[in-house]
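The values are calculated or read from the model by the stated rules, or taken from the named source; none is laboratory data. Keep in mind it's a predicted model, so treat the numbers as computed, not measured. Cβ atoms come from the backbone with ideal geometry, glycine included; neighbour counts cover every protein chain shown.
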Amino acid sequence: MVADSDVLVSMRGVCKHYPLFTMDNFNLTLPRGQVLGMVGPNGAGKSTLLKMMMGLVSADAGEIAVLGYKVPEQEVVLKHYAAYVSEDMRLFADYSIRWHMELVAQCFTSTWDASYAKHILHKFELNPEQKIGHLSLGQRVKATLLLAMARRPKLLVLDEPSTGLDPVARHELTSELFELMLNEDNGVIFSSQFTQDVERLSDNIAFIDNGEMISCLDKETYLDQWRRIQLTGGDRAQLPGDLYVTASAGGRVTAIDHAFSAKRTAQLSEAGFEVVQTQPLTLEEIFIQQVLMRRQARGVQR
Ligand SMILES: Nc1ncnc2c1ncn2[C@@H]1O[C@H](COP(=O)(O)OP(=O)(O)OP(=O)(O)O)[C@@H](O)[C@H]1O
């Protein structure tokens with residue numbers, strides 16, 4: 001039985017220190033029935049976070065509960081209901097996909113869904129008789145996902161699931177994850193460098209940088225809050241401090257606004273500027289700008 005909880009993942013005050021990395025007082029909540037996509041630059045701590053969630057890396061401090069089970073104390077029972085897939089997972093090269101399916105089915109007799117496994121095999125165009133060692137990178141990724149998804153996990157934790165997949169396979173993966181999420185009891189948490197996948201799949205998107213949760217919002221809120229603003233006139237020194245100037249030439253200034261509202265235009269004209277244009281940003285641009293702004297604030301050279 002899965003422990004009764006409306007919260008699938010709860011991390012409170014989690015700390016993790018490596019010689020060149022610090023995560024302090026990290027908090028995260030994944031409610032039942034939701035997909036959380038995680039984005040962030042290389043080395044931000046996404047994999048570390050997902051591994052701590054699954055008890056694969058121990059936290060130095062803080063409380064982690066997944067599906068209501070305490071991690072690491074109850075990680076063995078947790079692993080029965082939560083499946084984890086990462087790029088560095090290894091299957092046995094000399095054995096076939098079918099052999100792996102039988103192995104996983106034996107380990108998870110109560111949850112393994114043989115007909116769903118067959119459906120995914122067909123959808124991912126995998127030949128069950130092929131040895132893992134003879135598969136392409138993308139096929140290996142698909143086989144690993146199949147083994148996780150056919151367990152019908154209550155929680156699916158995916159670290160960069162789309163790496164190595166062609167655009168069609170990424171699309172199929174997305175539709176399979178939707179299928180898995182038809183059961184409102186389930187949840188998915190995944191990290192990805194593909195902003196389009198994150199945008200398509202996620203209810204909420206967490207932006208992680210330098211071991212910190214910078215924001216965790218739904219897509220619409222990100223898109224509402226961010227604008228590229230072109231201005232003329234005024235004195236640059238009078239620009240509101242939270243605007244990030246990206247270009248300045250011929251009396252025209254381009255700035256990124258991460259707290260846009262109707263008030264902004266009035267504020268800028270009071271300060272003597274004329275707003276020539278405001279443009280929405282794509283999610284990818286928002287994440288890039290967020291990293292650049294944070295680096296500038298930390299005094300890191302661009
Ligand atoms: N076992 C370890 N020993 C020392 N440092 C580690 C260890 N594992 C991870 N780190 C460091 O922790 C930081 C976060 O790594 P992590 O793999 O979680 O980042 P990530 O956000 O998943 O990055 P990427 O997008 O590149 O996969 C990095 O600086 C990494 O070097």
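Let me confirm something: among Val35, Val39, Val9, Val66, which residue is under 29 Å from Glu199 (Cβ atoms), surrounded by 17 or more Cβ atoms within 10 Å (Cβ to Cβ) and touching a Phe, Trp or Tyr at 6+ places or on another chain (Cβ under 7 Å)?
Val39 is the lone residue from the list that is under 29 Å from Glu199 (Cβ atoms), surrounded by 17 or more Cβ atoms within 10 Å (Cβ to Cβ) and touching a Phe, Trp or Tyr at 6+ places or on another chain (Cβ under 7 Å).
Among the residues of region 177-203, which ones are crowded, with 19+ Cβ neighbours inside 10 Å and either among the acidic types (Asp, Glu) or within 16 Å of the ligand (Cβ to nearest atom) (or both)?
Across region 177-203, the qualifying residues are Ile189, Phe190, Ser191, Ser192, Phe194, Asp197, Val198.
Would a scan of region 288-302 turn up a residue that is among the charged types (D, E, K, R), outside any helix (DSSP H, G or I) and surrounded by 12 or more Cβ atoms within 10 Å (Cβ to Cβ)?
The answer is no; no qualifying residue exists.
One residue is enough: does region 138-152 have a residue meeting the conditions under 13 Å from Val35 (Cα atoms), away from the ligand (no atom under 16 Å from the Cβ) and polar (S, T, N, Q)?
No.
Looking at this structure, is Val71 under 22 Å from the mean Cα position of the chain (by Cα), within 29 Å of Gly164 (Cβ to Cβ), without any contact (Cβ under 8 Å) to a residue 24 or more places away in the chain and more than 13 Å from the ligand (Cβ to nearest atom)?
Considered against the rule, which asks whether it is under 22 Å from the mean Cα position of the chain (by Cα), within 29 Å of Gly164 (Cβ to Cβ), without any contact (Cβ under 8 Å) to a residue 24 or more places away in the chain and more than 13 Å from the ligand (Cβ to nearest atom), Val71 comes out as yes.
This table checks each residue for (1) free of Cβ contacts under 8 Å to residues at least 12 places away in the same chain; (2) not aliphatic (A, V, I, L, M).
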{"residue": "Thr144", "(1), (2)": "no, yes"}
{"residue": "Leu156", "(1), (2)": "no, no"}
{"residue": "Thr163", "(1), (2)": "no, yes"}
{"residue": "Val168", "(1), (2)": "yes, no"}
{"residue": "Leu173", "(1), (2)": "no, no"}
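When you go through (1) surrounded by fewer than 16 Cβ atoms within 10 Å (Cβ to Cβ); (2) farther than 26 Å from Gly43 by Cα one by one for Glu284, which number turns out not to apply?
The failed condition is (2).
Which of the numbered conditions does Ala206 fail, given that it passes all the others? Conditions: (1) more than 26 Å from Val7 (Cβ to Cβ); (2) of a type in the set (A, V, I, L, M); (3) crowded, with 22+ Cβ neighbours inside 10 Å.
(1)
Could you list all residues from region 157-175 that are surrounded by 18 or more Cβ atoms within 10 Å (Cβ to Cβ), at pLDDT 85 or above and either more than 16 Å from the ligand (Cβ to nearest atom) or not in a loop (DSSP other than H, G, I, E, B) (or both)?
Val157, Leu158, Asp159, listed by residue number.
Evaluate the following for Ser96: is it more than 16 Å from the ligand (Cβ to nearest atom) and not β-branched (Val, Ile, Thr)?
Judged against the criteria, Ser96 is a match.
Any residue at all in region 41-56 that is modelled with pLDDT of 95 or more, closer than 19 Å to Gly211 by Cα and more than 16 Å from the ligand (Cβ to nearest atom)?
No: zero hits.
Looking at Ile132, is it crowded, with 18+ Cβ neighbours inside 10 Å, within 16 Å of the ligand (Cβ to nearest atom) and not charged (D, E, K, R)?
For Ile132, the condition - crowded, with 18+ Cβ neighbours inside 10 Å, within 16 Å of the ligand (Cβ to nearest atom) and not charged (D, E, K, R) - is not met.
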